[in-house]
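The values are calculated or read from the model by the stated rules, or taken from the named source; none is laboratory data. Worth saying up front: this structure is predicted, and the values here are computed from it rather than measured. Quick reminder, even Gly has a Cβ in these numbers, built from the backbone with ideal geometry, and neighbours come from all protein chains shown. These accessible areas exclude ligands, DNA and RNA; they are computed on the full protein's heavy atoms, side chains included. Shrake-Rupley method; radii C 1.70, N 1.55, O 1.52, S 1.80 Å.
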Amino acid sequence: MRETSLDLDVLAQSESVFALSNGHIGWRGNLDEGDPHGLSGSYLNGVHELRPLPYAESGYGYPEQDQVMINVTDGKIIRLLVDDEPFDIRYGELHQHERCLDLRTGVLDRRVEWSSPSGRRVRVTSKRIVSFVQRSVAAIYYDVEAVDQQVRVVVQSELVANEPAPPTSNDPRVSATINVPLQGEFHAHEGLRCELLHSTNFSELMMATAMDHEVDGPPSMKVHSESFDDLGRVTVTVSLEAGEHLRLIKYVTYGWSAERSREALRDQVDGALVAACDTGWDGLCAQQLDFLTDFWDRADVAIDGDDEIQQAVRFSLFHVLAASARSERRAIPAKGLTGNGYDGHAFWDSETFVLSVLTYTMPEAVAHALHWRYDTLPAAMKRAQSLGLDGAAFPWRTIGGQECSAYWPAGTAAFHVGADVADAVIRYLHATGDGEFEATVGSDLLIATARLWFSLGHFDPVGGFRIDGVTGPDEYSAIADNNIYTNLMAQRNLLAAADAAERNEERARELKVEMEEIARWRRAAQAMIVPFDNTVGVHSQSERFTDHEVWDFEATTAEEYPLLLHFAYFDLYRKQVVKQADLVLAMFLRGDAFTEEQKRSNFEYYEKLTVRDSSLSACCQSVIAAEVGHVSLAYDYLAEAALMDLDDLEHNTRDGLHMASLAGTWIGLVAGLGGMRASGPTLKFAPRLPDGISRLSFNVEFLGRRLHVDASPTTTSYVLKQGDDLEISHFGDTFIVSVKQASTFETVRDVERTTLTPPSQPYGREPTHRLADPAKREEKHEETP
């Protein structure tokens, strides 16, 4: 991912794109010198501060506190003075500026050539890494060269806490502002090392940061260090002759805890710092390359015919990995650790989208993410109890496990989060066969969520099981009865919990699950109501939804999207307008509950209502569009998901990358164009390639095997790269795939499907058409402002 010039108007966006993370540490792609910046950001997964949630009128059961991810001590900053003039690209003359994020090595490379206002010219090279192998470590290689004359340079390598907070915003997707979130507890410096220790006021967390350096330069070089509550600084001064270099390697380590002592935290970061210095810069880069080589062998997706989508899917996979690889029993926030959007909260996006990708590419990260949900079970059970329910009510948005949404129709009422967690458990177990996980974490999560559904729903007079007054994925419809997504996902949850309890009798006894309770779960699942409007001939997103007045799309201008920023929720809730895929997502995740004809009719009906005011929507629409025969439209939606952040389609990439949409790029390619579905312990494929993509190949981790799929418009081949023989299916035909030789089949082209009339979208909300000809795509891209 390469940037060949610097545009200050999109600096904040590029800081998100060039962010580095390992799931524990997150560094935004800020310039080394700190200024200028769009949004300065250094994050530790889970480190947050509390703030009261304001209510004009409070009510029983309303959450009382918000959790806000805070900007922790910034270890990225390396300031440079050239003959006493600060290196700042806004002043002097910038001759060259290039940044490159190498997705194979995990290194962010920057090369700059700059003349100070007085004409002193220097060449600066920096490389930055956040280690996937050494979880607490980040490092920077920094080189300054005098180009054509002697210069006196001063390099200041810093740790800076409590950087100025960004301005507040009325956009609910933007983070709340907390000024001075960290309180100084300890600071020290010696030689080339500095250390800072801070605590938070209300969440009572403690964090430590330490840095050490290697410095190489002319013999006249001098070094000085100092520290204060919010600043640690190592200063290097030297005169460089033309062609001479000053090289500095900066190692930074982080640690935090809610329980460990100050001394233990200091020992943690000091130990990690010694290990990093012992490994050295070259060793850290070699470890990073080895880690990523293994990941790309598992996860790479290759495309012929569309270089932009090819780059986008690798960019997406890299950042999905970066958000999760070393999170280790922490949440995966909606923006990862690339920005503070949504206050750093995790939503159901993680289980439904991000974990879908990781299940088939890095399943060990899924186990850690689900362990985090398991660790928050006590908070979820307490929340359910406060609402008069059994089981566990997982929060709609959170960092530490408590509900943080002050708007209960979209937060508390979105009970489907529990089923999304359960679905991630089910998917992981089918893909890994991890019996030990099921006997502990998996069973506990499935049983706790099943108990919620049985207490939340009820049997109506004719025996149907109803779940009333809930909010599904579509946030423009709330407090609905029998939301079809919620009901179908709850149905799967109830059945999976019953099966898990029967397979794990000892754990079920410990949780006081009796056979009568299991029978009630099965009866509720069997009687689950799935609304269908016989008059219109489609499933209703929720009961009576299709009776609502249709939103006046033609009277809605482009400037009035997203609707949530320009119209009252009251008006949205009583109209047929869909923010994001809801029933369409149900058809993807619960495809077994619909016939092929129902899927086609439903998709075409809801296409006319879906405005895609959420980044979660396009990939879901891409998957179902491909399945029902609208392959060209599927390609259009795939491109929208893939370019969500690279083209800043929602105009908020500055606040961080959209992890679910990044994951949706893989989903749109593998589940959409590749047609992959998991049916229990079996994988099914039905590849359909649009004009413009002449080849799609990808790898899938499944039950200890590594399967490689290679599809073209005419043939598709399957071969195992490792593992025992595996039974899979191609367009319904079951066969055995092995490592010995590829199994090749014709890629089915249904003539009837290719002649379907494309469905319409709301006025002005059509996806950008993805031209099949690469030259025309490039031409159109250049014309688009």
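Taking the residues in segment 377-393 that are over 23 Å from the mean Cα position of the chain (by Cα) and either buried (at least 24 other Cβ atoms within 10 Å of the Cβ) or basic (Lys, Arg) (or both) as candidates, determine which candidate is nearest to residue 348 (Cα to Cα). Only one residue fits best here, namely 392.
Residue by residue, here is whether (1) touching a residue at least 60 places away in the same chain (Cβ under 8 Å); (2) more than 30 Å from residue 704 (Cα to Cα); (3) not in a helix (DSSP H, G or I) holds:
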position	(1), (2), (3)
353	yes, no, no
356	yes, no, no
361	yes, no, yes
364	no, no, no
369	no, no, no
374	yes, no, no
378	no, yes, no
389	yes, yes, yes
394	no, yes, yes
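For the condition in contact (Cβ under 8 Å) with a residue 60 or more places away in the chain, among the hydrophobic types (A, V, I, L, M, F, W, C) and closer than 20 Å to residue 44 by Cβ, residue 301 does not qualify.
Take residue 344 and decide whether it is of a type in the set (Gly, Ala, Ser), within 26 Å of residue 178 (Cβ to Cβ) and modelled with pLDDT under 95. Criteria not met by residue 344. Selection of first residues in segment 500-524 that are over 17 Å from residue 429 (Cβ atoms) and of second residues that are of a type outside the set (Asp, Glu) and not in a helix (DSSP H, G or I), restricted to Cβ pairs under 7 Å at least 6 apart or on distinct chains, gives the following pairs, ordered by first then second residue: 524/457; 524/465. The condition (being modelled with pLDDT of 95 or more, farther than 29 Å from residue 534 by Cβ and surrounded by fewer than 16 Cβ atoms within 10 Å (Cβ to Cβ)) is satisfied by just one residue among 554, 560: 560.
For segment 613-637, the set of residues classified as charged (D, E, K, R) and either at pLDDT below 95 or open to solvent by less than 20 Å² (accessible area, probe 1.4 Å) (or both) consists of 613, 636, listed by residue number. Restricted to segment 82-126, and to residues there that are outside any loop (DSSP other than H, G, I, E, B) and either hydroxyl-bearing (Ser, Thr, Tyr) or at pLDDT below 95 (or both), the residue that is nearest to residue 301 (Cα to Cα) is 126.
Residue-by-condition table, conditions (1) out of contact with any Pro (no Cβ under 9 Å at 6 or more places or on another chain); (2) surrounded by fewer than 19 Cβ atoms within 10 Å (Cβ to Cβ):
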residue	(1), (2)
395	no, no
398	yes, no
407	no, yes
410	yes, no
422	yes, no
428	no, no
435	yes, yes
438	yes, no
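When each of 79, 135 is tested for being open to solvent by 10 Å² or more (accessible area, probe 1.4 Å) and not in a strand (DSSP E or B), the lone residue that passes is 135.
Figure legend. Inter-residue proximity from segment 46-59: first residues loosely packed, with under 10 Cβ neighbours inside 10 Å, second residues modelled with pLDDT under 95 and small (Gly, Ala, Ser), beta-carbon distance below 9 Å, spacing 6+ or different chains. Indicated pairs: 54/406.
The set of residues from segment 465-484 being open to solvent by 10 Å² or more (accessible area, probe 1.4 Å) and either of a type in the set (S, T, N, Q) or over 15 Å from residue 412 (Cβ atoms) (or both) comprises 466, 477, 481. Of the residues making up segment 466-508, those that are on the phi > 0 side of the Ramachandran plot and touching an Asp or Glu at 6+ places or on another chain (Cβ under 7 Å) number 2.
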